[in-house]
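Here the structure comes first, spelled out in structure tokens, and everything after it is commentary.
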């Protein structure tokens, strides 16, 4: 495994929910395209451990419908298996793509722990509902890429990141969610590498609109400026990310 470069770097939180292999291929592909490193942050969520320690905690066995105790050891075994498998897959893909990769560990919930790291990092949040990213014999694809322009300084970086995704050849359609006009030259740049670019005008891009967009996103991947989320309560943002069917990237 190669040594991680200092900057830029994309942070990828890894917890017991795991990551869709197609999503891992996509994030390694964009890291290679942008010539940046990846930081896999392996997370242990104490809230799950606390639930497992409750005397009345049970789980339902899907095959039989019967209940059984949810033991701490069982939860720990599942956590180790999922995180080790994800780490192995990510390492193989990074080595194959010659992408700088390192790992770190932390304890805490996914959103807050990721946001607490270096504020210059871009963050890739894998979807909990993993049927959105399409796969084929030729590899993963992003049928619908959604991007947000919130009117701040990071809008240009969002466009640059979107263009980098488009350059990988994975993106078929790009949808721009904005309450501002987009310069024609920027639209033309995106169109060069994607079959279709569509501007989705909205009256306002505020914390409520962004929360709803994340939760009900119709896109395979959603790219947002991190500064646009500062007014969203962490619990609301965490819940939206957990319910979203999109992979979500926060750009600095």
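Things worth noting here:
Listed here are the residues, each with its yes/no results for (1) under 14 Å from residue 241 (Cα atoms); (2) outside any strand (DSSP E or B); (3) not assigned by TED's automatic domain parsing to the domain that holds residue 23.
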position: 88; (1), (2), (3): no, yes, no
position: 94; (1), (2), (3): no, yes, no
position: 99; (1), (2), (3): no, yes, no
position: 104; (1), (2), (3): no, no, no
position: 114; (1), (2), (3): yes, yes, no
position: 118; (1), (2), (3): no, yes, no
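- Test: residue in segment 161-179 that is more than 16 Å from the chain's Cα centre (by Cα), loosely packed, with under 14 Cβ neighbours inside 10 Å and outside the structural domain of residue 18 (by TED's automatic domain parsing): no
- Note on segment 178-247: enclosed helices (runs of 4 or more DSSP H) holding 3 or more residues that are at pLDDT 90 or above are 207-215, 234-243.
- Residue list for segment 131-152, restricted to those being more than 13 Å from residue 218 (Cα to Cα), in a loop (DSSP other than H, G, I, E, B) and either touching a strand residue (DSSP E or B) at 6+ places or on another chain (Cβ under 9 Å) or modelled with pLDDT of 85 or more (or both): 150, 151, 152
- Unique residue being at pLDDT 90 or above, touching a strand residue (DSSP E or B) at 6+ places or on another chain (Cβ under 6 Å), closer than 23 Å to residue 242 by Cα and part of a helix (DSSP H, G or I) when the list is 27, 42: 27
The values are calculated or read from the model by the stated rules, or taken from the named source; none is laboratory data. Just so it is clear, the structure is predicted and the values come from calculations on it, not from any experiment. Cβ sites come from the backbone with ideal geometry, for glycine too, and all protein chains shown count toward neighbours.
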